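**Q** Provided herewith is a single structure, encoded as structure tokens, for subsequent inquiry.
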Amino acid sequence: MSIDDVLAVARAGLRRLTPAEAAEATRNGARLVDIRTQLQRQTDGELPGAIVIERNDLERCLDPTSGERLPEATEKDIPWIVICDQGDSSSLAAASLRAIGLRNATDVIGGFQAWKQARPIYLDHNATTPVDPRVLQAALPYLTQHFGNPSSSHAYAAEPHRALERSRTQVADLIGARPEEIVFTAGGSEADTLAICGLRGRRGGTIVTQPTEHPAVLQACRSLEDQGITTTYLPVDEYGRVSPDDLEAALDERTLLVSIMHANSETGTIQPIRELAAIARRHGVVFHTDAAQTAGKIPIDVDELGVDLLTVVGHKMYAPKGIGALYVRAGTQLRPIIHGGGQEGGLRSGTENVALAVALGTAAELARPGDDLVRLRDLLQHELERLLPGRVHLNGHPTDRLPGTLNVSIDGIRGRDLLAAVPEIAASTGSACHEGADTPSAVLSAMGVPPERALGALRLTLGRSTTEHEIRRAAKLLAERLTSSSRAAVTTPQEAR
Ligand SMILES: Cc1ncc(COP(=O)(O)O)c(C=O)c1O
């Protein structure tokens, strides 16, 4: 939109700009004013080139009597385009700008939320979550002024040491553990590997696991084969769940460890960990659960679950990548896999990454494990079912499932092709580790989902910032792609063969 067009719109005051018009006008020289809170800017992103007015400063900035007007407020003849967090406040702000003499001020329909829609809708929170700005703020000082090594004996160590121990307590509190039972690691894969390969040194024996585990668990088990440690894979049912009876039957005096994940990252199916761990305990066998996808999302209490080892992952709960933790119940026999200075109770040598530990601790404290995403997740499923009647099939357990995870197969398409044809949505067909593969997901195959249906799977995973508007729009975009004339762009599994 040219500057003249915007001027005409603003002067006539008849309508507000669409996000696309506003974007074009700012490229043509209109001034953009961003009126959001700092937190919103950090969460949703900056508007390049915009003049920022702190939301809380708005009144003072635009008060004609205060003398604290915008420094740029002399540029009266150019168009001013106002973007707020919500549509209504942006029209009020535009009116205030007009009141202080910027007669060409106008605003954008739908405010920042509409503007944001220019970005793909993020429905891949099981792959990774954005870093919560509060987590970032908490961590930053440990990369700058509090840079000391927490193990040093001088003054620079004091604050990093305090922060590390506070973070340990925060992570412990999230899962009902004691701080001394938390070992910080460089992520989930390392925590899983420590839990499993920490058995190193024993010869012979068996690990019992199941086929829908993350590769970090499956490969760690495989790596022990040359020590004569074999792996037993329990079958899973149509929902991806292990049966307690099968576990009971698999355990014997050779069993060293049971490792069964808390919830699956592709389907969200939650395993009956309490029952499974109770069986292992009766047999005196150590029980590990990979809680990468549940920590921070659903309530966890290690005593209630009865587990001995539990993996926590930062980047699935709004902390950065490269930080995780392993809960190690007091008295559990484990050997380190990384050797050195004996940090982390001797189980994980290496100078602790204090900033990332603080990030994980803060994320743990901010986590509100619960069902708040269930409504939006179910809305997404119902919308897809409504728009594509008879073609949508749920993968995973209907109720014992992560609040934000929806895995559905859609008849007659390949999930991968559909997602490629809908760039407005960022989602996946399976775990990030499987992305790009042209084979059915191993998780769905283990559940007995036929290859054709497994290839039609979409994993749509929601997070804290997901809105109802995004959910309705995502369902519409997917369905439109499948029902419109451009449908030919999406190959069916049969055609693709
Ligand atoms: C269930 C599960 N376990 C382990 C991991 C690995 O965690 P990280 O990426 O921190 O190594 C992931 C991450 O994708 C996961 O989903």
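**Q** Can you give me the P(r) profile for region 176-275? Cα pairs, bins 10 angstrom wide beginning at 0, each as a whole percent.
**A** Values per bin, smallest distances first: 15, 44, 35, 6.
**Q** What translational D, rounded to a whole number of µm²/s, comes out for the chain from Stokes-Einstein when the hydrodynamic radius is the Kirkwood one over Cα pairs, at 25 °C and 0.890 mPa s?
**A** Once the numbers are plugged in, D ends up at 97 µm²/s.
**Q** Moving on. If I model a spin label as a point 7 Å beyond the Cα along the Cα-Cβ vector, how far apart are those points for residue 438 and residue 468 in nm?
**A** 4.3 nm
**Q** As I understand it, the dipole of region 3-116 uses +1 on the Cβ of Lys and Arg and -1 on the Cβ of Asp and Glu, about the Cα centre. Which of 45, 104, 90 lies farthest toward its positive end?
**A** The residue sitting most towards the positive pole is 104.
**Q** Also, I was wondering about something else. In the chain, how many lysine pairs have Cα atoms under 25 Å apart, counting only pairs 8 or more places apart or on different chains?
**A** The result is 5.
**Q** Of all DSSP beta bridges located in region 133-366, what percent are antiparallel, nearest 5?
**A** Looking only at bridges with both residues in region 133-366, the antiparallel portion is about 45 percent.
**Q** Using unit Cβ charges (K, R positive; D, E negative) and no other charged atoms, how large, in debye to the nearest 20, is the dipole of the chain about its Cα centre?
**A** 440 debye
**Q** So how strong a dipole does region 133-366 carry about its Cα centre when Lys and Arg Cβ are +1 and Asp and Glu Cβ are -1, to the nearest 20 debye?
**A** In total the dipole reaches around 620 debye.
**Q** Further question: Largest first and in whole Å, what are the equivalent-ellipsoid semi-axes of region 216-337 based on the Cα gyration tensor, each being the root of 5 times an eigenvalue?
**A** In descending order, the three semi-axes are 22, 18, 15 Å.
**Q** Going by alpha carbons, how many degrees (0 to 90, nearest 10) lie between the helix axis of 354-366 and the longest principal axis of the chain?
**A** Helix 354-366 sits roughly 80 degrees off the main axis of the chain.
**Q** Compute the relative contact order of region 133-366 as a whole-number percentage, counting only Cα pairs closer than 8 Å that sit 6 or more residues apart in sequence.
**A** It rounds to 28 percent for region 133-366.
**Q** Can I ask one more? Summing Lys, Arg as +1 and Asp, Glu as -1, what charge do residues with Cβ under 12 Å from the Cβ of residue 371 carry, residue 371 excluded?
**A** Overall, the nearby charge balance is +3.
**Q** In what sequence do 128, 65 fall when counting other Cβ within 10 Å, fewest first?
**A** Starting with the residue having the fewest Cβ neighbours, the order is 65, 128.
**Q** With axes computed from alpha carbons, what is the tilt in degrees of helix 3-12 against the longest principal axis of the chain, rounded to the nearest 10 within 0 to 90?
**A** That helix lies at roughly 70 degrees to the long axis.
**Q** Report the extension gain between residue 158 and residue 378 in nm, rounded to one decimal, defined as 0.36 nm multiplied by the number of residues separating them, less their alpha carbon distance.
**A** 74.4 nm
**Q** Want the number for residue 27 to residue 335: 0.36 nm per residue separation, take away the alpha-carbon distance, what's left?
**A** Roughly 104.9 nm would be gained on extension.
**Q** Moving on to the next point. Note the full-extension length gain between residue 303 and residue 145 as 0.36 nm times their separation in residues minus their Cα-Cα distance, in nm to one decimal.
**A** Working it through step by step, the gained length comes to 53.1 nm.
**Q** Something else: Once both labels are modelled 7 Å past Cα along the beta-carbon direction, what's the residue 245-residue 137 spacing in nm?
**A** Simple spin-label model gives 5.4 nm for this pair.
**Q** Oh, and also: Using only the alpha carbon atoms of region 370-483, find the Kirkwood hydrodynamic radius as the inverse mean reciprocal pair distance, in angstroms to one decimal.
**A** Value: 14.1 Å, from the Cα pair sum.
**Q** So in the chain, what percent of DSSP beta bridges are antiparallel if you round to the nearest 5?
**A** Taking every DSSP beta bridge with both residues in the chain, the antiparallel ones total about 45 percent.
**Q** Looking at the calculated P(r) for region 3-116, what percent of the C-alpha pair distances fall above 20 Å?
**A** Cα-Cα pairs in region 3-116 separated by more than 20 Å: 32 percent.
**Q** Restricting everything to alpha-carbon atoms, can you work out Rg to Rh for region 5-61 with a Kirkwood hydrodynamic radius?
**A** Result: Rg/Rh = 1.01.
**Q** Relative to the longest principal axis of the chain, what angle (0 to 90°, nearest 10) does the C-alpha long axis of helix 468-483 take?
**A** Value to nearest ten degrees: 80.
**Q** Kindly put 125, 288, 339 in sequence by how many other C-beta atoms sit within 10 Å of each C-beta, fewest to most.
**A** 339, 125, 288
**Q** Also, quick follow-up: Under Stokes-Einstein, with the Kirkwood radius over Cα pairs standing in for Rh, what whole-number D in µm²/s applies to region 133-366 at 25 °C and 0.890 mPa s?
**A** In µm²/s, the coefficient rounds to 137.
The numbers here are math on the coordinates, done by the rules we state, and not lab data. Owing to the predicted nature of the structure, the values given are computational and were not obtained by experimental measurement. Note: ideal-geometry Cβ built from the backbone for every residue, glycine included; neighbour counts use all protein chains shown.
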